Amino acid sequence: MGLVRVSGSGYTVRMNGSNQQPGVPGAAAREVQYPAVFHFRVIADAPVPVTGALAELLGGYEVVGPLSEANLSSGGRYRSYGVSVRMASREQLQAFDGAVRALAGVRMLL
């Protein structure tokens, strides 16, 4: 099972394995190999229409799993969307992350 850790130097994926990482028993550090496909979940305020803005932003990326509405929260305040995107580099991933988080109504990007 993998764990994504965000640090000042970027994204690192840790996988269970035999190569020990100091201070983390049973875990080995491996960098993400680009290009790589990332599966995102966008959480947004339900009343704010973000589908159009997300679709426009995704036009500049290689989408491999279409943008789709996923869930509406039980209280009706938030809606989630799913999308899978192939990223060519860590810099492209970071730019995408910042652009999605900057959209009006977006609360969280997972």
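Look at region 39-63: where a residue is within 15 Å of F96 (Cα to Cα) and a partner is in a helix (DSSP H, G or I) and of a type in the set (A, V, I, L, M, F, W, C), sitting 6+ places away or on another chain with Cβ atoms under 7 Å, you get V42/L54; V42/V100; L57/A99; L57/V100; Y61/F96. Restricting attention to region 68-90, the residues being within 13 Å of the chain's Cα centre (by Cα) and among the aliphatic types (A, V, I, L, M) number 3. Going residue by residue through region 27-49, is there one that turns out to be modelled with pLDDT under 90, on the phi < 0 side of the Ramachandran plot, in contact with a strand residue (DSSP E or B) (Cβ under 7 Å, 6 or more places away or on another chain) and surrounded by fewer than 13 Cβ atoms within 10 Å (Cβ to Cβ)? Yes, some residue in region 27-49 is modelled with pLDDT under 90, on the phi < 0 side of the Ramachandran plot, in contact with a strand residue (DSSP E or B) (Cβ under 7 Å, 6 or more places away or on another chain) and surrounded by fewer than 13 Cβ atoms within 10 Å (Cβ to Cβ). Can you pull out the residues in region 77-109 that are assigned to a loop (DSSP other than H, G, I, E, B) and either modelled with pLDDT under 95 or within 17 Å of A55 (Cβ to Cβ) (or both)? Answer for region 77-109, where residues must be assigned to a loop (DSSP other than H, G, I, E, B) and either modelled with pLDDT under 95 or within 17 Å of A55 (Cβ to Cβ) (or both): A102, L103, A104, G105. Just one of (1) part of a loop (DSSP other than H, G, I, E, B); (2) of a type in the set (S, T, Y); (3) in contact (Cβ under 8 Å) with a residue 24 or more places away in the chain fails for S74. It is (3).
The values are calculated or read from the model by the stated rules, or taken from the named source; none is laboratory data. Every value quoted in this text rests on a predicted model; they were computed, and no experiment measured them. No Cβ is skipped: glycine too gets one built from the backbone with ideal geometry, and neighbour counts run over all protein chains shown.
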